[in-house]
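Quick note: the coordinates plus some simple rules give every number you see, no bench work behind them. Predicted model, so just to flag it, every value in this text is computed and none were measured. Methodologically, a virtual Cβ is constructed for each residue, glycine included, from the backbone with ideal geometry; neighbour enumeration extends over all protein chains shown.
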Amino acid sequence: MPPSPDSPVILQVLPSLITGGVERGAVEIAQAIAEAEATSLVASAGGPLVRPIERAGGKHLTLPLTTKNPFGIWRNAAALEALIREQHVSLVHARSRAPAWSAWLACQRTGVPFVTTYHGAYGEDFPYKRRYNEVMARGRIVIAASRYIADLVMDRHGVPAERIRVIPRGVDPAMFDPAIVNGSRIAKLAEAWRLPDGMRTVVLPGRLTAWKGHAVLLEAMAMLGRYDLVAVLVGAHQGRHRYARHLAQLATRLGIGNRVRFVGECDDMPAAFCLADVVVHASTQPEAFGRVVIEAQAMGRPVIASDLGGPVETVRHGETGWRVQPGDPDALAAAIGVALDLDPDERLALGERARASVPTVRAMQDATLDVYETVLRAG
């Protein structure tokens with residue numbers, strides 16, 4: 001028997017549950033679905049975040065959804081069709097392109113509503129790439145993480161505004177709360193990162209890839225000429241060893257090699273933000289949203305962000321942080337100098353404004369559940 005409309009079965013599909021904003025969003029929505037007393041299913045190739053899905057009240061179903069091979073996508077469509085029928089799925093929410101094609105085909109065959117989250121700006125630098133990306137615009141409702149992405153979806157794919165919902169990513173204010181980060185957590189990180197006493201820190205969170213703007217920050221550091229300042233680059237190289245070596249060599253050439261730390265992944269970002277005198281987002285390409293920006297703001301940190309993409313909507317220049325021209329080390333150096341020169345009262349006031357401005361996970365969850373309800377009611 002199919003479930004009643006009051007007890008829907010929601011299936012999220014994504015490639016894997018290893019790490020990243022898409023995966024964390026899937027966990028958060030799985031929790032919200034379960035709390036709403038609906039059935040929460042997640043299909044992926046698996047990974048470390050399967051356990052959090054299950055702890056949140058969801059059920060994980062393992063399928064090889066990482067494949068981009070057309071034949072693999074077709075086989076996954078058949079597997080998802082069978083799953084939809086067996087589990088009496090009411091709605092499918094796709095979060096990534098390759099599994100979205102499989103899910104869309106399965107929904108076409110079963111008549112089940114299809115919803116998407118358009119997570120990124122998705123490059124179009126290869127032939128047929130727009131066609132490949134287009135599946136993310138085929139949802140009955142397309143969820144966009146920012147106004148920037150909503151405009152992109154309308155411009156690229158001709159999706160009318162009434163089919164788009166802007167739902168910013170959110171932070172958990174109970175986790176990202178400076179009041180609950182104790183000194184031992186901060187001291188543990190400071191020791192692991194070899195931060196000398198009395199040094200101030202500029203933290204750039206983001207995987208080591210060129211468009212995240214690490215080189216821009218290093219050049220800005222050299223321009224500042226401050227010997228009381230350490231740059232901490234938080235993020236994995238993900239196999240980009242050549243780029244990591246390039247950054248280390250650049251720091252040495254700029255004369256700041258002893259004041260730059262490459263610390264890899266960090267499993268305690270609230271403590272990392274507490275260690276930061278300034279948090280920098282230096283991306284040279286538009287971010288769909290920029291989750292680390294709002295996490296830093298939730299911790300009351302002064303944030304400097306590139307003036308493009310999602311952070312334009314979350315950083316009010318001069319009120320909750322600063323925005324600077326992307327790829328401009330002079331502008332970044334000047335902004336870092338302003339942030340470091342704030343007196344304690346100014347710093348506290350800016351941090352309180354920033355913390356009060358950030359969207360929350362709860363708001364994101366509620367808005368997504370509202371999308372599901374809207375689609376299911378429409379039939």
Looking at the range 112-169, which chymotrypsin sites (Phe, Trp or Tyr not before Pro) are in a loop (DSSP not H, G, I, E or B) and have at most 13 other Cβ atoms within 10 Å? TYR128
Counting GluC sites (Glu not before Pro) as exposed when in a DSSP loop with at most 15 other beta carbons within 10 Å, what is the longest stretch of the chain free of them? 125-264
For the range 178-357: rounded, prolate or oblate by the Cα gyration tensor [a/c cutoff 1.5]: rounded
Debye, to nearest 20: dipole size of the range 178-357, +1 on Lys, Arg Cβ, -1 on Asp, Glu Cβ: 660
Between [x] 28, 54, 18, 0; [y] 29, 55, 15, 0; [z] 28, 49, 22, 1, which entry matches P(r) over Cα pairs in 20 Å bins from 0, in percent as derived from the coordinates of this structure? [x]
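Decide, for the range 140-279, between rounded, prolate and oblate: order the square roots of the alpha carbon gyration tensor eigenvalues as a ≥ b ≥ c, take rounded if a/c falls under 1.5, and otherwise choose prolate if a/b is larger than b/c, else oblate.
Note, shape of the range 140-279 comes out oblate.
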Proximal lysine pairs in the chain, meaning Cα under 28 Å and 8 or more positions apart or interchain, come to 5
Compute the acute angle (0 to 90°) between the alpha-carbon long axis of helix 21-35 and the principal axis of greatest extent of the alpha-carbon atoms of the chain; round to the nearest 10°. 50
Calculate, for ARG362 and TYR128, the FRET efficiency according to 1/(1 + (r/R0)^6) with r their C-beta to C-beta distance and R0 41 Å; round to the nearest 0.05. 0.55
I'd like the projected area of the range 9-50, averaged over all directions, using the convex hull of its alpha carbons. Report it in nm² with one decimal. 2.5
Each label point is 7 Å from the Cα along the Cα-to-Cβ direction; what then is the distance between the points at GLU265 and ALA161, in nm? 4.2
Report the label-to-label distance for ILE180 and GLN249 in nanometres (one decimal), using points 7 Å from each Cα along the Cα→Cβ vector. 4.5
Under a crude label model (7 Å from the Cα following the beta-carbon direction), how far is ARG55 from GLN108 in nanometres? 4.0
Given Cβ point charges of +1 (Lys, Arg) and -1 (Asp, Glu) and nothing else, what value in debye, to the nearest 20, does the dipole of the chain about its Cα centre take? 1300
In deg cm²/dmol and to the nearest 500, what is the mean residue ellipticity at 222 nm of the chain if only DSSP H runs of at least 4 residues count, each as -39500 (n - 2.57), divided by the residue total? -13500 deg cm²/dmol
Along the charge dipole of the chain, pointing to its positive end and built from +1/-1 on Cβ of Lys, Arg, Asp and Glu, which listed residue (GLN285, THR66, LEU376) has its Cα farthest out? THR66
To the nearest 10 degrees, how steeply does helix 70-87 sit against the main Cα axis of the chain, on a 0 to 90 scale? 70
Looking at the calculated P(r) for the range 278-371, what percent of the C-alpha pair distances fall above 17 Å? 48
Using Cα pairs under 8 angstrom and six or more residues apart, how large is the relative contact order of the range 1-96, in percent? 38
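Any idea what the relative contact order of the range 163-262 is, in percent, if you count C-alpha pairs under 8 Å spaced at least 6 apart?
On the way: 88 pairs, mean separation 27.8, N = 100.
Over the range 163-262, the number comes to 28 percent.
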Checked the range 1-80 with the C-alpha gyration tensor, a ≥ b ≥ c its square-rooted eigenvalues, rounded below a/c of 1.5, otherwise prolate if a/b is larger than b/c and oblate if not; verdict oblate
I'd like the orientation of helix 183-192 relative to the chain: the angle between its Cα long axis and the longest Cα principal axis, in ° from 0 to 90, rounded to 10. 80
Relative contact order for the range 178-357: what percent, with Cα pairs under 8 Å and sequence separation of 6 or more? 23
